[in-house]
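Undergrad: Right, I'll just put the structure down here and ask away after.
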Amino acid sequence: MVMGASFQRADGRIPHFFTPDLSAVDRGFDRVDMNPQFVMLVCRDYLWTGDKDYLRKLWPAIVKAMNSTALLDGDGDGLPDRDTVRNTYDGWNFFGTPAYIASLWVGGLRAAIRVAQDLGETQSADEWSKTLDKAIVAFEKRLWNGKYYSLCVGNDSQGNLQRDECCMTDQLSGEWFVHLMGLGHSLPQERILGALNEVIKHNYTPDGGLVNARYPANEAAHFPAFENSQAQGNWTGIEYAIASMMIDYGLVETGLAVVQSVHDRYLRAGRFWNQEECGNHYYRAMSSWATLLAATGFKPDVPRQTLSIASPVRQKELRAPWVGATGWGRFRQTDQQIELECRDGSIGFKELRLGLKGNNPKIRLAGQSLKGTAREEDGSLVISFAEPVTVAAGQTLVVSRS
């Protein structure tokens, strides 16, 4: 991340990727999704590590990236609406205000605000908060079509409003990332769920998997989305990402069905270890790790000493590994208790959020009783401790219903 930021252009644009090695980058500075993605990634690293020195080092790059993207807002409503053509879908150009780009900007704002707050940069936090408030209102008013968020909305050369109602799988990419980080969401949850259900309805089949976009049968198709190979194709990394978003937002069976579809498709093709997009072994499929985070609800916030392991999966027993910046181990959940075992390193917190019912739990660490104050909040059991708790290698924390 630090090396990538060192290639940031003078106008604030973040590079696309290193090429041909780590000594140079490509010319993909025109991709307008790079900047908010960079900001969210830096925030993600900080939440997982609590490394404030890392944050301070990249703060100037964050400010430049945010200021650069803010220039894409031509009408002052808080959303990008110009120079939004080029993006990671490099064979599929957009126009006006695309939901994908706008969602990333909203997510970038949310991440930037958190970073600014923790660094004491109150002026930036206040400015970005005001922009976020405007952007949320504009996002709903401009892009919501009653069922999902439109692909693009903008004016043509004659000033006439144009809408492209192609249903994009990745239309809420920013909401996916910040929610998976534990920063909540900006748009109404019922509309997020509605959009995800529409994505499944129009873009998914068990045999064909989840394609990047399709037009509903009653919507007119437009170029450049119509018959675009990137719109019509599968990007395994997007399938995993949106499947994890579905799981994270409680659409567990739907998300698992998408993951199963990817698995079966590559197994049938005899290419189980070679998931491709633009070439063999394409690394966007590494987003498959997000399905583990979503299924376990593992969301660390090291700076604020909180840890969430509130799995949305409801079954008799759930076992999974957990991996943090300081340790790793095993997680086990039933209706009656949750076990957090550390195999190596350690993990610490002062507040623990669990997917368990009840407000008077029994808490034990390495067999010894612990005292904590419990409450229910947003469907989770939240336990606060007077002093930081550390689960070290060889120890298990057990929280049981009373």
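Undergrad: Tell me which of L161, Y282, G255 sits at the most positive position along the dipole axis of region 155-303, charges placed on C-beta atoms (Lys, Arg +1; Asp, Glu -1).
TA: Of the candidates, Y282 comes out farthest on the positive side.
Undergrad: Keeping every protein chain present and rolling a 1.4 Å probe, give me the accessible area per residue for region 7-88 in Å².
TA: Numbers: 3650 Å² over 82 residues.
Ligands and nucleic acids excluded, the figure is 45 Å² per residue.
Undergrad: Karplus couplings for region 77-88 from phi (6.51 cos²θ - 1.76 cosθ + 1.60, θ = phi - 60°), rounded to Hz, Gly and Pro as x?
TA: 8, x, 10, x, 9, 9, 6, 9, 5, 8, 7, 4
Undergrad: Please sort through the DSSP H helices of the chain and keep those with an alpha-carbon extent of at least 27 Å along the long axis and a Kyte-Doolittle average not below -1.0.
TA: On the way: long enough: 99-119 (30 Å, 0.86); 122-143 (30 Å, -0.60).
Within the chain the helices that satisfy the rule are 99-119, 122-143.
Undergrad: Dipole magnitude of the chain about its Cα centre, charges +1 at Lys/Arg Cβ and -1 at Asp/Glu Cβ only, in debye to the nearest 20? Could you put the intermediate results ahead of the total?
TA: Details: 42 positive and 47 negative charges, 249 e Å.
Computed charge dipole of the chain: roughly 1200 debye.
Undergrad: Under a 1.4 Å probe, what is the accessible area of region 148-243 per residue, stated in Å²?
TA: 39 Å²
Undergrad: Ignoring any ligand, DNA or RNA, what whole percent of the accessible area of the chain comes from carbon and sulfur when the probe is 1.4 angstrom?
TA: 50 percent
Undergrad: Using alpha carbon centroids, what distance separates region 75-149 and region 14-68, in Å?
TA: 17 Å
Undergrad: So, one more: What Kirkwood Rh does region 295-375 have if only Cα atoms enter the pairwise 1/r average? Answer in Å.
TA: 13.3 Å
Undergrad: Put a dot 7 Å past each Cα toward the Cβ at Q315 and N93; how far apart are the dots in nm?
TA: Label-label distance for N93 and Q315, simple model: 4.7 nm.
Undergrad: Could you tell me which residue out of G355, A125, A366 lies farthest along the dipole of the chain toward its positive end? Charges go on the beta carbon: Lys and Arg +1, Asp and Glu -1, centred on the Cα centre.
TA: A366
Undergrad: If you don't mind, another one. I'd like the antiparallel share, as a percent to the nearest 5, of DSSP beta bridges with both residues in region 267-398.
TA: 90 percent
Undergrad: Further question: Along the charge dipole of region 1-104, pointing to its positive end and built from +1/-1 on Cβ of Lys, Arg, Asp and Glu, which listed residue (S23, G78, L104) has its Cα farthest out?
TA: S23
Undergrad: Also, quick follow-up: Given the Cα-Cα distance of S402 and M286 and 0.36 nm per residue of separation, how much length would full extension add, in nm? Don't skip to the end; give the middle numbers.
TA: Values: separation 116, 0.36 × 116 = 41.76 nm, distance 3.97 nm.
So the chain would gain 37.8 nm between S402 and M286.
Undergrad: For L370 and E387, compute 0.36 nm times the residue count separating them, minus their Cα-Cα distance, and round to one decimal in nm.
TA: Details: separation 17, 0.36 × 17 = 6.12 nm, distance 1.06 nm.
Stretched out fully, the L370 to E387 stretch lengthens by 5.1 nm.
Undergrad: Can you work out the accessible area per residue across region 258-402, with the rest of the protein chains kept in place, probe 1.4 Å, in square angstrom?
TA: On a per-residue basis, 55 Å².
Undergrad: In this model, which of K130/K357; K316/K357; K64/K147; K52/K350; K299/K371 are farther than 26 Å apart at the alpha-carbon? Can you show the working numbers first?
TA: Numbers: K130/K357 37 Å; K316/K357 14 Å; K64/K147 35 Å; K52/K350 19 Å; K299/K371 23 Å.
Long pairs (Cα-Cα over 26 Å): K130/K357; K64/K147.
The values are calculated or read from the model by the stated rules, or taken from the named source; none is laboratory data. Nothing here was measured: the structure is a model prediction, and the numbers come from that model. For neighbour counting, all protein chains shown are included, and Cβ atoms are generated from backbone atoms with ideal geometry for every residue, glycine included. What goes into the accessible areas is simple: the full protein's heavy atoms, side chains included, and nothing from ligands, DNA or RNA. Shrake-Rupley method; radii C 1.70, N 1.55, O 1.52, S 1.80 Å.
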